[in-house]
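What follows is a short report on a single structure.
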Amino acid sequence: MHVVPGLKVLYFGTPVVLLSTVNEDGTANLAPMSSAWWLGQTAILGMGDRSRTAANLLREREVVLNLPSSALAAAVDRIAMTTGRPDVPAGKAAQGYRHVADKFALGGLTEQASDLVTPPRVAECPIQLEGRVAGTHRLASGGATTYEIEVLRTHVEEDLLVPGTVHIDPLRWDPLVMKFCEFFGGGVNVHPSRLAEGWQLPALRAACAVSTGRTGSP
């Protein structure tokens, strides 16, 4: 039987993306997000208008979409409740967000030079997409914008490819997936989420420990 629960969020399951952009002073900003999908050689991103990443995208028009594997859940979680804005918006501050200038260092991640754009890649991410903003569309409900990203170059760890082809082996690629603010990989919850705490969503920790036989970090 179907019910109408009035869901607070609609994140049914999308890949986590680490967006690297360039700040006004030339330093790199890194932000995790999961409102992303692809069509051909175009990526569509959606995010709130008050973030440092949104300002960087509109000003610089360049970005790298770094796709972490499920093994990087802990690194992503370390920067999940942070913002590149020194003036943390009141709403985010109430949820527990704090300002961090160097998110690469906080996440224990490494900057890697890009080929065609200024923002750096995340060396630890098996898939990295260099891109340029081709268009924007502000949501009618306000407060958020979708960004059309033209993918200019794709970098892929060689062992993810089907030998002798240009295709990724889906059995070897285990993306980090966000489902209702919880981290999943290979169909199981792989790491506790600070984001779920900030959004005051029900904790899955006890249930996940029982169902997977794991507690804490993988």
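The values are calculated or read from the model by the stated rules, or taken from the named source; none is laboratory data. The shown structure was predicted, so the numbers you read here are calculated from the model rather than taken from an experiment. Positions of Cβ are generated from backbone atoms using ideal geometry, with glycine treated the same way; all protein chains shown enter the neighbour counts. Just so you know, the surface numbers come from the protein's heavy atoms only, side chains and all, with ligands and any DNA or RNA stripped out. Shrake-Rupley method; radii C 1.70, N 1.55, O 1.52, S 1.80 Å.
Some observations on this one:
- In sequence order, calculated HN-Hα J values of segment 122-135 (Karplus, 6.51, -1.76, 1.60; Hz; x Gly/Pro): 9, 4, 6, 7, x, 10, 9, 10, 7, x, 10, 5, 9, x
- Order by protection proxy (mean Cβ within 10 Å, highest first), peptides 78-84, 151-157: 78-84, 151-157
- DSSP-defined antiparallel bridges as percent of all bridges, segment 1-139, nearest 5: 90
- Under-5 Å amide H pairs with Leu109, H placed in peptide plane, nonlocal only: none
- A 1.4 Å probe run over the chain, with the rest of the protein chains in place, finds 52 Å² accessible per residue.
- In sequence order, calculated HN-Hα J values of segment 161-171 (Karplus, 6.51, -1.76, 1.60; Hz; x Gly/Pro): 7, 5, x, x, 10, 10, 10, 7, 7, x, 7
- Value of D in µm² per second that Stokes-Einstein yields for segment 1-82, Kirkwood Rh from Cα pairs, at 37 °C (0.692 mPa s): 228
- Share of carbon and sulfur in the accessible heavy-atom surface of the chain [1.4 Å probe, %]: 56
- Theoretical gain in end-to-end length, Glu24 to Thr165 [0.36 nm per residue, Cα-Cα removed]: 46.8 nm
- The Cα center of segment 136-194 and the Cα center of segment 23-52 differ in position by 12 Å.
- Shape of the chain, Cα gyration tensor, a/c cut at 1.5: rounded
- Backbone HN-Hα couplings from phi across segment 14-23 [Karplus 6.51/-1.76/1.60, Hz, Gly and Pro as x]: 9, x, 6, 10, 9, 8, 9, 9, 10, 6
- Anisotropy class assigned to segment 38-146 is oblate, per the alpha carbon gyration tensor with a/c at or over the 1.5 cut-off and a/b no larger than b/c.
- With each label modelled as a point 7 angstrom along the Cα→C-beta vector, the His155-Arg172 pair spans 1.8 nm.
- Rounded to the nearest 20, the size of the Cβ-charge dipole of segment 98-180 about its Cα centre is 480 debye, with Lys and Arg at +1 and Asp and Glu at -1.
- Springs between Cα atoms under 10 Å define the GNM used for the chain, and in it the highest mean-square fluctuation of Pro89, Pro120, Pro32 occurs at Pro89.
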